[in-house]
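See below for the structure under consideration.
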Amino acid sequence: MIYPHFALELEELTVSFDGFKAVNGVTLYVSKDELRVIIGPNGAGKTTLLDLICGRTKPTDGKITFMDKTLTRLPEQEIVRAGVVRKFQTPSIYPKLTVFENLEISHPKGRTAFGAIFFRRTSDVVDRIHEVAKEIYLADLLETEAEKLSHGQKQWLEIGMLLMADPQLLLLDEPVAGMSVREREQTAELLRRICKGRSAVVIEHDMKFVRRIADKVTVMHQGKVLAEGPMDDIEKDPRVVEVYLGH
Amino acid sequence: MNTLYRSMLGGRSGLIGLAILAGLLLIVFPLLLEPFRLNMMGKYLSLAFVAIALVMCWGYGGIMSLGQGLFWGLGGYCMAAFLKLEAARNIASEAGTDQIKALSTVGLPDFMDWNQITELPWFWYPFKSFPLTLALMIVVPTVIAYIIGTAMFKRRVGGVYFAIITQALCWAMEILFVTRQGWTGGINGITDLRTLLGWDIRTPSAQSSIYFMTVVGILVCIVLGRWLLNSKFGRLLVAVRDMEDRVRFSGYDVANLKTTVFCIAAAMSAVGGAFFVLNVGFMSPKLVTIEPSIYMVIFCAVGGRMSLIGAVYGTLAVSYGRTFFSEEFPALWYFLMGSVFILVTMVFPDGLAGAATRGVPAAWRWLTRNFREPPPAPATAAVKEAQP
C-alpha cells in the first residue's frame with residue numbers, strides 16, 4: 001500500500017511527566033493544505049501535543065517528522081526555521097512595542113544577534129508588514145502599542161506574527177478564545193484564507209467554529225486519539241459523544 | 001547620514017539631551033568645581049559606565065545583574081596591572097645601585113616582593129604592553145561574560161536566580177583577589193600607581209585631562225548604546241524581557257541574544273573600571289564586591305532604567321549624595337539610601353529620566369494652574385464661554 005505524502009507525521013508520540021503520560025502513543029498525519037482541528041475535554045493532552053511538535057516539551061518516546069525532516073530533538077528556534085510556528089493560548093505579543101514593530105521582529109531577516117544589530121528596514125520588509133497587517137485586519141493600527149489593542153486584535157496580531165515568517169505549518173492553540181461572535185467569523189475567514197498552501201493544527205472548543213474551519217477533526221481523550229475523521233462523522237461517534245460532546 | 005543621526009543621536013530630542021549632558025560635564029563642571037571635586041566627578045563617572053551598561057542589560061534586556069562590579073573590577077585590574085608594572089620599572093631605574101641591591105627582585109611590583117614572589121607570574125606578562133593591556137581589558141571581561149551567559153541562559157536560568165549567581169560570582173572574585181596576595185596585591189589591591197606611558201597621572205593637569213577623557217568615554221558609550229538600542233536588536237531585547245517564549249518561537253536563539261547583551265554590558269563596565277583606575281590611581285578588591293555592584297543597580301534605577309542619559313545623572317546624584325551624607329551623617333547613610341531607593345521605585349519607576357520627561361511637564365501644568373493669578377470674574381466667564 002502506498003501512503004499519501006503527509007506534511008506532518010507524528011508516530012507513537014509519548015511524553016511522560018513523572019510517570020503520568022500526558023500524551024500516550026499518539027499517531028497523527030496531517031497533509032499539506034489541511035486544516036486539522038483537535039478537540040477533547042480538558043486535560044486530554046491537546047496543548048501538550050502542540051508543545052511537543054514545537055519543541056517546548058521533549059517527547060519521552062516517538063517521532064515527529066515535518067516535510068521529511070525529523071524535528072524530535074531539535075531546539076525550538078530550529079523547528080521554527082523549519083517552517084513550524086506556534087500560537088499560544090493567551091495572546092503572546094510584545095506589549096511595549098507597536099503593531100509594526102511586533103510584526104517586524106517576527107520577520108525572518110536578522111535572526112542572529114549581529115544580524116539584528118545590522119538589520120535594516122528595507123522596503124521588502126515594510127511591504128511584507130503592510131501585507132500581513134492588512135490580512136489580519138490591523139492595517140490602520142500599525143503605530144499603536146500592542147498592549148492597547150483589544151483582546152481579539154491581540155489574537156490576530158499573534159497570528160500575523162506567525163505569518164511574517166511564511167510558515168508551512170501553523171499550530172494554533174484556541175485562536176478564538178475570548179472573541180466576540182463577529183470576531184470569530186472574521187477569524188474563521190482569516191484561517192481559511194491563510195491555510196491555503198499550508199498545513200494547520202488548531203485546538204478549539206467552540207464547535208460552531210470547528211465546523212466552519214475543519215477539514216478533519218481529531219478527538220483526544222486521556223492522552224490518546226479517540227477518534228478521527230470529518231466533523232459529521234465525529235459528531236455521531238458514540239464514544240465522542242460520551243466523553244466530550246455529550247456534556 | 002540621516003539614519004545615523006536618528007539611530008545614534010536619537011533625533012532632535014535625543015540630541016538635546018545629549019548636548020545638555022555634554023555641556024554640563026565638559027563645560028559647567030570644569031568651570032564650577034575645584035580640582036578635588038572635579039576628580040571626584042571623574043571617579044563617579046567611571047561608575048556611570050556600569051549604569052549605562054545596566055540600562056541595556058537590565059532595563060531593556062531584563063537581565064538583572066547584581067554582580068556587574070566583577071566586570072568593572074576586571075577592567076580596572078587590567079589597567080592597574082599595566083600601571084603597576086610601569087611604576088615598578090621606574091622605581092628600579094630611579095633607585096641608586098645600593099637600593100637596587102637591597103631589592104631582591106628588580107622591576108617586580110612591590111606587593112609581589114612582600115609575598116616572596118621572585119618571578120613575574122605568566123599572566124602578568126601581557127600587561128607589559130599597553131596595546132595588549134587595552135585589548136585584554138575588553139577581552140577578559142567579555143569572555144567571562146560569555147562563559148557565564150552561555151552557561152546560564154542556555155539552561156534557561158533567569159530572573160532572581162541569575163541575579164543571585166552573578167552576586168555569588170562577584171563575591172568569589174573578591175575572595176580570589178584577596179587571597180592570592182602575591183598575584184593581585186590582596187586586600188590592599190594595587191596601589192601607588194603613578195605614570196601612564198611616562199605621563200604623570202597624579203598632577204592636577206593630568207587629573208583634569210583624565211576627567212575629560214572619562215567624559216568622552218561616557219558620551220561614546222551613550223551614542224553606541226543608542227545605536228544598539230535603536231536597532232532591531234534593541235527592540236528584540238524588549239521583546240525578550242516581556243515575552244521570552246514568543247521570541248524563541250519566532251525563530252530566535254534567545255540565549256544567544258541575552259549572552260550578546262550581557263557581553264556588551266561587561267565590556268562597557270570594564271572600560272569604566274579602567275577609567276576609575278586612571279582617575280584615582282589605585283584598585284582594590286573592596287571596590288568590586290557585592291556592595292558596589294548593588295550600588296550600580298541603584299544608580300541605574302534612580303536614573304531610570306530605560307534611559308542611557310538618565311543612568312549618568314542617577315550615578316552622579318546617588319554618588320554625590322553618598323559622599324555628602326556619609327561625610328555629614330555617616331550612621332544615617334544606609335537608611336537614607338534604602339529609603340531613596342524605595343521611594344524612587346514606588347513613585348518614579350522610570351527614575352529621574354521618567355520624572356524629567358513626564359514629571360516636569362506635569363508639575364509645570366500643576367503649578368501654572370494653581371498659582372496663576374486669579375483673573376477677574378467676568379473674564380473667567382468669557383473664557384468658559386469661548387471654550388466649548
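Summary table below
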read-out	value
Enumeration of residues in segment B:108-147 that are of a type in the set (S, T, N, Q) and open to solvent by less than 60 Å² (accessible area, probe 1.4 Å)	B:115, B:129, B:133, B:142
Any hit, segment B:130-142, residues being part of a helix (DSSP H, G or I), more than 19 Å from the chain's Cα centre (by Cα) and modelled with pLDDT under 90	no
Check on residue B:293, open to solvent by less than 10 Å² (accessible area, probe 1.4 Å), away from every other protein chain (no Cβ under 13 Å), small (Gly, Ala, Ser) and assigned to a helix (DSSP H, G or I)	yes
Failed criterion for residue B:313 (all others in (1) modelled with pLDDT of 95 or more; (2) open to solvent by 40 Å² or more (accessible area, probe 1.4 Å); (3) of a type in the set (Ser, Thr, Tyr) hold)	(1)
Flag for residue B:138 being under 30 Å from residue B:19 (Cβ atoms) and of a type outside the set (Asp, Glu)	yes
Scan of segment A:118-155 for residues that are buried (at least 21 other Cβ atoms within 10 Å of the Cβ), more than 14 Å from chain B (Cβ to nearest Cβ) and touching a residue at least 40 places away in the same chain (Cβ under 8 Å), ordered by number	A:136
Failed item, numbered, when residue A:47 is tested on (1) hydroxyl-bearing (Ser, Thr, Tyr); (2) assigned to a strand (DSSP E or B); (3) within 14 Å of another protein chain (Cβ to nearest Cβ)	(2)
So residue A:21, is it surrounded by fewer than 16 Cβ atoms within 10 Å (Cβ to Cβ) and either touching a residue at least 12 places away in the same chain (Cβ under 8 Å) or in a loop (DSSP other than H, G, I, E, B) (or both)	no
Which numbered condition residue A:181 misses (of (1) among the hydrophobic types (A, V, I, L, M, F, W, C); (2) more than 14 Å from chain B (Cβ to nearest Cβ); (3) in contact (Cβ under 8 Å) with a residue 12 or more places away in the chain)	(3)
Residues of segment A:83-98 classified as crowded, with 19+ Cβ neighbours inside 10 Å and free of Cβ contacts under 8 Å to residues at least 60 places away in the same chain, total	2
Failed condition for residue B:47, given (1) at pLDDT 90 or above; (2) in a helix (DSSP H, G or I); (3) open to solvent by less than 20 Å² (accessible area, probe 1.4 Å)	(3)
Every residue from segment A:190-246 that is more than 23 Å from residue A:84 (Cβ to Cβ) and among the small types (Gly, Ala, Ser)	A:227, A:229, A:246
Residue B:97 vs. criteria among the hydroxyl-bearing types (Ser, Thr, Tyr), open to solvent by 60 Å² or more (accessible area, probe 1.4 Å) and modelled with pLDDT under 75	yes
Residue A:73 among the charged types (D, E, K, R) and either open to solvent by less than 50 Å² (accessible area, probe 1.4 Å) or touching a residue at least 24 places away in the same chain (Cβ under 8 Å) (or both)	no
Count - residues of segment B:157-183 that are part of a helix (DSSP H, G or I) and open to solvent by 20 Å² or more (accessible area, probe 1.4 Å)	17
Conditions (1) within 14 Å of chain A (Cβ to nearest Cβ); (2) open to solvent by less than 10 Å² (accessible area, probe 1.4 Å): number failed by residue B:201	(1)
Residues located in segment B:221-262, provided they are within 8 Å of chain A (Cβ to nearest Cβ) and not in a helix (DSSP H, G or I)	B:231, B:243, B:249, B:250, B:251, B:252, B:253
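Residue-by-condition table, conditions (1) over 27 Å from residue A:26 (Cα atoms); (2) open to solvent by 10 Å² or more (accessible area, probe 1.4 Å); (3) out of contact with any Leu (no Cβ under 9 Å at 6 or more places or on another chain):
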site: A:157; (1), (2), (3): yes, no, no
site: A:172; (1), (2), (3): no, no, no
site: A:175; (1), (2), (3): no, no, no
site: A:193; (1), (2), (3): yes, yes, yes
site: A:203; (1), (2), (3): no, no, no
site: A:220; (1), (2), (3): no, no, no
site: A:233; (1), (2), (3): no, yes, yes
site: A:237; (1), (2), (3): no, yes, no
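The values are calculated or read from the model by the stated rules, or taken from the named source; none is laboratory data. It should be emphasised that the depicted structure is a prediction, and the values quoted were computed from it without experimental measurement. FYI the Cβ positions are ideal-geometry reconstructions off the backbone, even for glycines, and counts take in every protein chain you see. The area values use the complete protein model at the heavy-atom level, side chains included, leaving out ligands, DNA and RNA. Shrake-Rupley method; radii C 1.70, N 1.55, O 1.52, S 1.80 Å.
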